[in-house]
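The block underneath contains the structure these notes are about, expressed in structure tokens.
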Amino acid sequence: MSNIKKVCLCLMLSLAWTLISADTPIRRCADSSIPLPLMVQINECDTLPCDLWKGSEAKIDIQFVATRNTMKQLTAEVRLTSLGVTLPYDLEAKRGNVCQNLLHGAYCPLDAGEDVTYELLLPVEPTQLEVPTRLEVRLLDVDNGNQVVSCFVTDTRVKKPNSL
């Protein structure tokens with residue numbers, strides 16, 4: 001195979017991978033000075049609203065950049081807004097511990113500018129209302145007065161799994 005064909009093949013495969021692994025659309029949180037994550041992927045959602053299935057876990061990968069050196073205790077805070085009411089989601093400590101759930105061999109402490117991915121497994125309760133729900137996730141630097149490291153908002157809808 002000629003070099004030109006090899007280069008074209010590599011470019012086509014890269015483009016195909018980009019299209020297949022499209023990110024979930026997100027928006028800034030109310031405080032526009034807080035950085036957005038580099039990428040968010042909720043399950044395999046690339047168009048809004050993202051479906052969250054009752055009685056399962058939503059897999060949310062959040063790629064973000066550390067904002068200071070020696071970040072060793074980070075936590076996730078989740079808020080859900082449905083029918084005009086915003087409620088904090090009581091996230092189990094193990095799931096909300098960002099440092100314990102980093103992917104690709106990353107670990108804390110993090111240094112400023114370090115690009116890492118946190119995997120949040122968010123349980124969707126069977127009792128959750130089947131209505132459009134705004135999901136807000138904030139990553140907090142516990143050792144720095146709970147300063148927000150990254151924040152995003154996106155639209156979801158809770159659905160009942162199809163019965164067979």
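The values are calculated or read from the model by the stated rules, or taken from the named source; none is laboratory data. Model, not experiment: these values are computed from the prediction. Quick reminder, even Gly has a Cβ in these numbers, built from the backbone with ideal geometry, and neighbours come from all protein chains shown. All accessible areas refer to the heavy atoms of the entire protein, side chains included, with ligands and DNA or RNA removed. Shrake-Rupley method; radii C 1.70, N 1.55, O 1.52, S 1.80 Å.
Report the full-extension gain for the segment Thr86 to Asp143: residue separation times 0.36 nm, less the Cα-Cα distance, to one decimal in nm.
Values: separation 57, 0.36 × 57 = 20.52 nm, distance 2.64 nm.
Result for the pair: 17.9 nm of gain on full extension.
How large is ³J(HN,Hα) for each residue in segment 102-111, as worked out from phi by the Karplus curve 6.51 cos²θ - 1.76 cosθ + 1.60 (θ = phi - 60°), to whole Hz, x for Gly and Pro?
7, 9, 6, x, 6, 7, 8, x, 9, 10
How much accessible area per residue does segment 83-164 have, in Å², with a 1.4 Å probe? Working shown, then result.
Numbers: 4710 Å² over 82 residues.
Here the residues of segment 83-164 average 57 Å² of exposed surface.
Give, rounded to the nearest 20 debye, the magnitude of the charge dipole that segment 38-164 has about its Cα centre when Lys and Arg contribute +1 at Cβ and Asp and Glu contribute -1 at Cβ.
Details: 12 positive and 18 negative charges, 61 e Å.
Using only the charged Cβ atoms, the result is roughly 300 debye.
Going 7 Å from the Cα of Asp31 in the Cα-to-Cβ direction, what parts of segment 91-116 have a backbone nitrogen less than 20 Å from that spot?
Backbone N within reach: 91, 97-99, 112-113.
Over the chain, what percent of the accessible surface lies on carbon and sulfur atoms, probe 1.4 Å?
Numbers: 5460 of 9860 Å².
Carbon-and-sulfur percentage of accessible area, whole number: 55.
With unit charges on the beta carbons (Lys and Arg positive, Asp and Glu negative) and the dipole taken about the Cα centre of segment 46-157, which residue among Asn144, Pro132, Thr86 sits farthest to the positive side?
Thr86
How far apart, in nm, are two points set 7 Å out from the Cα along the Cα-to-Cβ line at Glu114 and at Arg68?
Placing both labels 7 Å beyond Cα along the Cβ direction yields 1.5 nm.
Got a sec to turn the phi values of segment 116-132 into Karplus ³J(HN,Hα) couplings, 6.51 cos²θ - 1.76 cosθ + 1.60 with θ = phi - 60°, whole Hz, x for Gly and Pro?
Taking θ as phi minus 60°, the curve returns 9, 10, 9, 9, 9, 9, 9, x, 9, 5, x, 8, 4, 5, 8, 9, x Hz for segment 116-132.
On a full-extension model of 0.36 nm per residue, what is the gain between Glu125 and Ala22, subtracting their alpha-carbon distance, rounded to one decimal in nm?
Gain on stretching Glu125 to Ala22: 34.4 nm.
For segment 42-136, what is the Kirkwood estimate of the hydrodynamic radius, computed as the reciprocal of the mean inverse distance between distinct Cα atoms, to one decimal in Å? Display every interim value, and only then the final one.
Working: mean 1/r = 0.0688 Å⁻¹.
It works out to 14.5 Å.
Check each of the chymotrypsin sites (Phe, Trp or Tyr not before Pro) in segment 75-145 and keep only those in coil by DSSP with at most 14 other C-beta atoms within 10 angstrom; list them in order. Numbers along the way, then the final one.
On the way: sites: Tyr89, Tyr107, Tyr118; in loops: Tyr107.
Passing both the DSSP loop test and the Cβ count: Tyr107.
List the residues whose amide H sits under 5 Å from the amide H of Cys50, counting only those 5 or more places along or on another chain, with H placed 1.01 Å from N in the peptide plane.
Asp155, Thr156, Arg157
Among (i) 1.04; (ii) 0.99; (iii) 1.12, which one is Rg/Rh (Cα atoms, Kirkwood Rh) computed from these coordinates?
(i)
Collect residues whose amide H, placed 1.01 Å from N in the peptide plane, falls under 5 Å from the amide H of Thr24; neighbours closer than 5 in sequence don't count.
Val40, Gln41, Ile42
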